[in-house]
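Heads up: the structure comes next, in structure tokens.
The values are calculated or read from the model by the stated rules, or taken from the named source; none is laboratory data. Model, not experiment: these values are computed from the prediction. Here Cβ is always computed from backbone atoms with ideal geometry, including for glycine, and neighbour counts include all displayed protein chains. All accessible areas refer to the heavy atoms of the entire protein, side chains included, with ligands and DNA or RNA removed. Shrake-Rupley method; radii C 1.70, N 1.55, O 1.52, S 1.80 Å.
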Amino acid sequence: MAKLVVEVLDASDLMPKDGQGSANPFVEVDFEGHKQKTQPKVKDLNPVWNENLVFNIQNPGDLTDKTIEVFVYNDNKQGHHKNFLGKVRISGVSVPFSESEAVVQRYPLDKRGLFSNIKGDIALRIYAVLGAYSGNSNSNGQVFEPEPEVLFQQQQQQPPPQPVNVNFQESKETPLQEINPNKPGEEFKEFSDVKKKKKKEKEVRTFYSVGTGGGGGGGPPPPPVKPAVVEPRGDFAKAGGPAVMHMQVPGQTPDFGLVETRPPVAARMGYWGRDKTASTYDMVEQMQFLYVNVVKAKDLPVMDITGSLDPYVEVKVGNYRGVTRHLEKNQYPVWNRIFAFSKERLQSSTLEVIVKDKDIAKDDFVGKVEFDIIDVPVRVPPDSPLAPQWYKLADKKGNKTTLPGEIMLAVWIGTQADEAFPEAWHSDAHSVSQQMLANTRSKVYFSPTLYYLRIHVIEAQDLVPAEKGRAPVSSVRIQVGHQGRSTRPAQQGTYNPVWNDELMFVVAEPFDESIIVSVDDKGELIGRLLIPVRGLPQRREVPKPPDARWYNLLKPSLAEREEGEKKREIKFSSKIHLRICLDAGYHVLDESTHFSSDLQPSSKHLRKPSIGILELGILSAKNLLPMKSKDGGTTDAYCVAKYGNKWVRTRTLLDTLAPRWNEQYTWEVHDPCTVITIGVFDNNHINGSREDARDQKIGKVRIRLSTLETDRIYTHYYPLLVLLPSGLKKHGELHLAVRFTCTARGNMVIQYAKPLLPKMHYVQPISVRHIDWLRHQAMQIVALRLSRAEPPLRREIVEYMLDVDLHMFSMRRSKANFHRIMSLLSGISAVCRWFDGICHWRNPLTTILVHVLFLILVCYPELILPTIFLYLFVIGLWNYRFRPKHPPHMDARLSRAEYTHPDELDEEFDTFPTSRPTDVVRMRYDRLRSVAGRVQSVIGDLATQGERALSILSWRDPRATAIVIILALFSAVFLYVTPFQVVAVLIGLYWLRHPRFRSKLPSVPVNFFKRLPAKSDMLL
């Protein structure tokens, strides 16, 4: 007899169920109807059991078709009821037939139904052994049903199993392995041969009593087992052996969750005893800087023999040094450069401002000005900027009487709220050249206002063919900027073709583009037209489009003339009939509607008033991974945040894995059901980097505003997760402070009753085949405009923030969406199971209460709707205790990103069209065919059921239709003479009848429905 061994090691982060913030958990394992359970652990949400539960396997060859169910319950000592804490279902396919191949796995606990509130995970080690189990079974476990075989006496006591330390990252096995290399059939055959040999010998059996945990009985308890060392799986793909495939994978790594913080920001600590900067810059930690504004100089002495001077200024504070550009041959230079030195990093009490002369060999000293930092004044916005003053230059000894020349300076101590902060040269960027300094500064960008351009190509007249003697086969191609689309060719060769095609494009203010309309005859140009976009009419919320116009088609030679050239009057030309307008009533989608940050129409006159303010404080980051290999690994990190048409970029902090930005930004909110996106990047455009270098993505965070409570400050560390071809990787954590302040609560509540998109999206919707193409074109326009700013917000940043490849196929996303659907359907199935339990009287008291409630609702039908809505109110009020305390974030488990197969990731990151070898593409195609075959079967089954329903009265089966209409006639007469309440009571009592009056065979209506004809037998 083969044995199944389930080692129950420990659990963590269980849900408290005893009403006192704790629980008394125990584990119950169900295999083939046999149940065993561990001892309960009193008042422990992270229990450690280390108990082995052993089950008999009747036929090892059938183990792959079996399921092991593991339940975690709370032992309610006040009664016999046990509270559900979670469950795990494990397929027998994943069970190895060797103890040495078994590894410790952590499984997330699943819900039992829709209203279950479950969290935590459990560590298990499961394997099967052939013959007698020689390990330490659980002498304290409780067996619900006696096992059919007794345990053989152990001939030799073996030591308990050693702790298993699983490290999949160092595994050298191939990623793609056979799911179960063992062959249960052959092992069962060997086991049968061994059993036949043992029958010839006299068996010596020793019976043991199984303890119940209440004391006495059995032999001495087994020696205590040390807790197993459990490590979460790092990479699902690298885990070889039979433990690869599970019905349920281990849970989300705790490091991928949010960590709530309480930073010393003014909004949390209050404003007592603080300066007034806190009232306007209260979402970040206050950082003080020493600002030096070098404006200009005058009367500088000549230092060269030639009588010239190339002055520049050097600002020194300890080891930090800032330099202005040098101006050739100028005794009255003007620099207008501001320097900012972080006060917490100052290593000196003296500030030196030195004027030098640029020279080939060695720069000459001109003069200097010194300041004691302790005497520098403090400026607090919104005070006006500090006025610069003239200071006389001193020599190296500090004597001001010997040297001519003066320099105009302003020196003060301020915070990051100072107006000079964004444009200042910061001390942490001391190694950046003057040319690359702009790439490190913080900036605010605005996306251009986008419009949909709708062109209706109706017809043309009097076309001149490319070849005389035949009618042209014409088509129209329209080019707007980099966007080009064509109509279908005319159905037949004619001089007056009719197309009646509607094409859409995306254009942006200030409408610099022109529409190029080209008419081709089998690829040869026969006419062209240029129409400027700027003069086109706009359509807002009026469904009626503007009137169409006839335009003259010019010959290619005439169309290529410059616009300023005066053209001669054209006596004859071909004409084209077009309807062109700018649709200003739409919102141009450059993001997915699922996480869009802006839903306003293009026209400023149609936009909604703001309902609140969103404040974002980008505090810091920690545990960043080095993105550059130089100097042992460094990162030059900066953040980009996008909400609406406003983009913000923080300054770049160089050579640090724990940057502290402490910058605060504000947006107006017009709709609460929007999402803000924050991304972190590594700057690769400093110190002479190549122009084509790409900034590397470190991670991003999305926060939906509707999930935030108003006027509450959320401060958390968000995990920065990036999915790479090698798998999911955490690049660090981002510290954010978020606050959503509502300024018009009435308008915000009204927003929930209004459509999500502007009116025109519903009055004249855009077809699905157009919407993805238009979204891609909108992203291209936004990326092009922002990449031309200074410093540029580069294309790879915009594409990453807008999820440019969201529409591409991904097996991982498909699985994630499938599990989302199954999670939704699990609630419906839970309700169905509950109702099935009511119908089968599994809990007689509950069934009787349901009968009473049913009879009350039948007798008083006016209570049905109030009861339903009261139930919804009570459920919502009950769930208020378990409401989310944290804003949403990127969920690696929901995205199915933790344990994605390497081949699926390689397919997701493949180019389009593919660049992979033929055999890989063939394998993926076969896999896609297999998945599509299952989907095809499901769709076919749904179609079959629908066709059966339609065939009830269609006389396709004359006998079935006759039976239905006769029963319908008798039912109509019966229902007419019988009160409705009586009918409802009879149907309800029949439906809830006792199992004694039920049959295991399908009911008569089900049998009748399954016999109805469908069209599946008509398919080829």
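Just one of the numbered conditions (1) under 12 Å from ASP671 (Cα atoms); (2) under 18 Å from the mean Cα position of the chain (by Cα) is not true of MET748: (2).
When the test is whether a residue is over 27 Å from SER895 (Cβ atoms), touching a residue at least 60 places away in the same chain (Cβ under 8 Å) and surrounded by fewer than 17 Cβ atoms within 10 Å (Cβ to Cβ), ASN683 does not pass it.
The residues of the stretch 967-1004 that are open to solvent by 90 Å² or more (accessible area, probe 1.4 Å) and within 29 Å of GLY946 (Cβ to Cβ), listed by number, are LEU967, LEU969, PHE970, PHE974, LEU975, ILE987, TYR990, TRP991, LYS1000, LEU1001, VAL1004.
So in the stretch 800-822, with the set limited to residues that are out of contact with any helix residue (DSSP H, G or I) (no Cβ under 9 Å at 6 or more places or on another chain) and within 18 Å of ILE698 (Cα to Cα), which one is surrounded by the most Cβ atoms within 10 Å (Cβ to Cβ)? So the residue we want is MET801. The set of residues from the stretch 628-642 being over 19 Å from LYS697 (Cβ atoms) and either open to solvent by less than 10 Å² (accessible area, probe 1.4 Å) or of a type in the set (Asp, Glu) (or both) comprises just one member, ASP631.
Taking the stretch 422-431, which residues are in a loop (DSSP other than H, G, I, E, B) and surrounded by 21 or more Cβ atoms within 10 Å (Cβ to Cβ)? Lay out the reasoning, then the answer.
Kept after step one, since they are in a loop (DSSP other than H, G, I, E, B), are these residues of the stretch 422-431: 422-424, 430-431.
Within the stretch 422-431, just ALA424 meets the criteria.
Being out of contact with any strand residue (DSSP E or B) (no Cβ under 6 Å at 6 or more places or on another chain), assigned by the TED database to the domain that holds TYR638 and under 27 Å from GLU285 (Cβ atoms) narrows it down to one of ILE750, ILE686, ILE678, ILE698, so name that one.
Values: ILE750 fails: under 27 Å from GLU285 (Cβ atoms); ILE678 fails: out of contact with any strand residue (DSSP E or B) (no Cβ under 6 Å at 6 or more places or on another chain); ILE698 fails: out of contact with any strand residue (DSSP E or B) (no Cβ under 6 Å at 6 or more places or on another chain).
From the options ILE750, ILE686, ILE678, ILE698, the qualifying one is ILE686.
Looking at the stretch 878-887, is at least one residue closer than 30 Å to ARG712 by Cβ and open to solvent by less than 50 Å² (accessible area, probe 1.4 Å)? Full working, then the answer.
To start, the set of residues in the stretch 878-887 that are closer than 30 Å to ARG712 by Cβ comprises 878-887.
Checking which are open to solvent by less than 50 Å² (accessible area, probe 1.4 Å) leaves us with 887.
Yes - at least one qualifying residue is present in the stretch 878-887.
This table checks each residue for (1) in contact with an Asp or Glu (Cβ under 7 Å, 6 or more places away or on another chain); (2) farther than 19 Å from TYR638 by Cβ; (3) small (Gly, Ala, Ser).
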{"position": "ILE686", "(1), (2), (3)": "yes, no, no"}
{"position": "GLU691", "(1), (2), (3)": "no, no, no"}
{"position": "ILE713", "(1), (2), (3)": "no, yes, no"}
{"position": "LEU724", "(1), (2), (3)": "no, yes, no"}
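For beta carbons closer than 7 Å, sequence separation of 6+ or different chains, a first residue in the stretch 867-879 that is under 14 Å from ILE856 (Cβ atoms) and a second that is assigned to a helix (DSSP H, G or I), the qualifying pairs are THR867/LEU857.
For the stretch 1-52, the set of residues classified as of a type in the set (A, V, I, L, M, F, W, C), surrounded by fewer than 17 Cβ atoms within 10 Å (Cβ to Cβ) and either under 36 Å from the mean Cα position of the chain (by Cα) or outside the structural domain of PHE97 (by the TED database) (or both) consists of VAL48 only. I'm checking my understanding of the structure. Among residues of the stretch 277-320 that are modelled with pLDDT under 85, part of a loop (DSSP other than H, G, I, E, B) and in contact with a helix residue (DSSP H, G or I) (Cβ under 8 Å, 6 or more places away or on another chain), which one is surrounded by the most Cβ atoms within 10 Å (Cβ to Cβ)? For the stretch 277-320, the residue satisfying everything is ASP282. Pairs meeting the criteria (first residue in the stretch 75-95 and part of a loop (DSSP other than H, G, I, E, B), second residue modelled with pLDDT of 85 or more and surrounded by 18 or more Cβ atoms within 10 Å (Cβ to Cβ), beta carbons under 6 Å, at least 6 apart or on different chains) are VAL95/ILE126; VAL95/ALA128. Scanning the stretch 372-416 for residues that are over 25 Å from ARG651 (Cβ atoms) and part of a strand (DSSP E or B) returns ASP372, GLN389, TRP390, TYR391, LYS392, ALA394, GLU406, ILE407, MET408.
Can you tell me which of THR666, THR715, THR741 is of a type in the set (S, T, N, Q), open to solvent by 10 Å² or more (accessible area, probe 1.4 Å), at pLDDT 90 or above and farther than 18 Å from LYS642 by Cβ?
Numbers: THR666 fails: farther than 18 Å from LYS642 by Cβ; THR715 fails: open to solvent by 10 Å² or more (accessible area, probe 1.4 Å).
Every option except THR741 fails the conditions.
The residue of the stretch 448-487 that is most open to solvent (accessible area, probe 1.4 Å), among those that are of a type in the set (Lys, Arg) and either in contact with a Leu (Cβ under 7 Å, 6 or more places away or on another chain) or at pLDDT 90 or above (or both), is ARG477.
Tallying residues that are under 25 Å from TRP773 (Cα atoms) and surrounded by 13 or more Cβ atoms within 10 Å (Cβ to Cβ) within the stretch 488-497 yields 2.
Given the condition open to solvent by less than 80 Å² (accessible area, probe 1.4 Å), in the same structural domain as SER610 (by the TED database) and touching a Cys at 6+ places or on another chain (Cβ under 7 Å), answer yes or no: does some residue in the stretch 757-773 qualify? No, the stretch 757-773 has no match at all.
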